[in-house]
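This report refers to the structure that appears directly beneath it.
The values are calculated or read from the model by the stated rules, or taken from the named source; none is laboratory data. Keep in mind that this is a model prediction, so the values were computed, not measured. Don't worry about glycine lacking a Cβ; one is built from the backbone with ideal geometry, like all the others, and counts go over all protein chains shown.
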Amino acid sequence: MSTARQRTRSGFTLVELMVAVALALILMSVVMLVFSQALGVFRRAQATTEAIHSAQVALDFLGKDLEGAYLETEQVFLGVRADTALVWVDSNHNGPGDDPVAFDNDDPVPFDDPKKQERHGLELLSMSLFSFDEAGRPVPAVHVLYYVSWDAATQMGRLIRCTKDRDANPVTQFIGNSLKDLGLAPEDTQEIAYGIKQFRLRYFYKGVWYDLWDSTNAGDAIQYSKKPDLVEVQLRIVDSDGFMNKANSNPIVIRRLIPVGTVVP
């Protein structure tokens, strides 16, 4: 009799099983929450690191080009905004083409929309250390253009750097002309940064800051045939996968002051 009673008490009751399952579910939920938060922190840190690296690459290119900037017969040093100037590229910004765009592909946005004022362009002649010909040999002097290719779907841009060998080609302004007609090949176009939210430039000359610069304008006694002393570059940038956008994280903001023409004898 005692043996039979002992056997009936050796299992778990339904209530005990339900309590155990509930506790297990709670424990698993806590573990999954901690894991999800840790994964989010890791992904956010990875995205931030990528954005900072992309910005540093862009600033390195800009730094070398600006430090090597010079003016000769062709007084080309132009700093413009997307709402003030045109450059002719293809509609997808994959290379030279015949479609005029205001430094971006954001067609639904009016040409004079304030958002375009945050996407600047820069054109100059430079003795850059980052320019090479097809054989990989350094090019001593280059004609350089920077502009932002904007993607309206992702609300992010790519910073584009176009170059031509200055000694092998006559200088004709990129801005306001077709890059295709100027003989710019697709391999002369580099995407040097991704996830651009803002590419803003300012120009310092003899104690005064300017939002635009035009060394070709004979009617401007201050800027004509001159280059600025400093250029302030400000980048607001996110990761190329858009994780920071989806997570509503603030873009990384990096600002740098770059001296102009310091390596030119």
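Brief remarks on what is shown
- In the stretch 17-55, residue modelled with the lowest pLDDT [restricted to those that are in contact with a strand residue (DSSP E or B) (Cβ under 8 Å, 6 or more places away or on another chain) and among the polar types (S, T, N, Q)]: T48
- Residue count for the stretch 245-260 satisfying the condition of being over 20 Å from F61 (Cα atoms) and either assigned to a loop (DSSP other than H, G, I, E, B) or touching a strand residue (DSSP E or B) at 6+ places or on another chain (Cβ under 8 Å) (or both): 6.
- The residue of the stretch 227-239 that is nearest to I52 (Cα to Cα), among those that are assigned to a strand (DSSP E or B) and touching a residue at least 40 places away in the same chain (Cβ under 8 Å), is I237.
- Residue count, the stretch 14-52 (criterion: surrounded by 13 or more Cβ atoms within 10 Å (Cβ to Cβ) and under 30 Å from I258 (Cα atoms)): 7
- The number of residues in the stretch 202-252 being in contact with a helix residue (DSSP H, G or I) (Cβ under 9 Å, 6 or more places away or on another chain) and among the hydroxyl-bearing types (S, T, Y) comes to 2.
- Test result for L230, touching a His at 6+ places or on another chain (Cβ under 9 Å), closer than 18 Å to I258 by Cα and not basic (K, R): no
- Which numbered condition Y224 misses (of (1) farther than 26 Å from A51 by Cβ; (2) in a loop (DSSP other than H, G, I, E, B); (3) without any contact (Cβ under 8 Å) to a residue 60 or more places away in the chain): (3)
- Hits in the stretch 162-184 (condition: modelled with pLDDT of 70 or more and either part of a loop (DSSP other than H, G, I, E, B) or within 11 Å of the chain's Cα centre (by Cα) (or both)): R166, T172, Q173, F174, I175
Okay, residues lined up against (1) over 17 Å from Q75 (Cα atoms); (2) touching a Lys or Arg at 6+ places or on another chain (Cβ under 8 Å):
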residue: R202; (1), (2): yes, no
residue: Y224; (1), (2): no, no
residue: K227; (1), (2): no, no
residue: E232; (1), (2): yes, yes
residue: R236; (1), (2): yes, yes
residue: S240; (1), (2): yes, no
residue: I252; (1), (2): yes, yes
residue: G261; (1), (2): no, yes
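- Scope the stretch 185-209; condition at pLDDT below 90 and assigned to a loop (DSSP other than H, G, I, E, B); matching residues: A185
- Inclusion of Q198 among residues that are free of Cβ contacts under 8 Å to residues at least 40 places away in the same chain and closer than 21 Å to L59 by Cα is not warranted.
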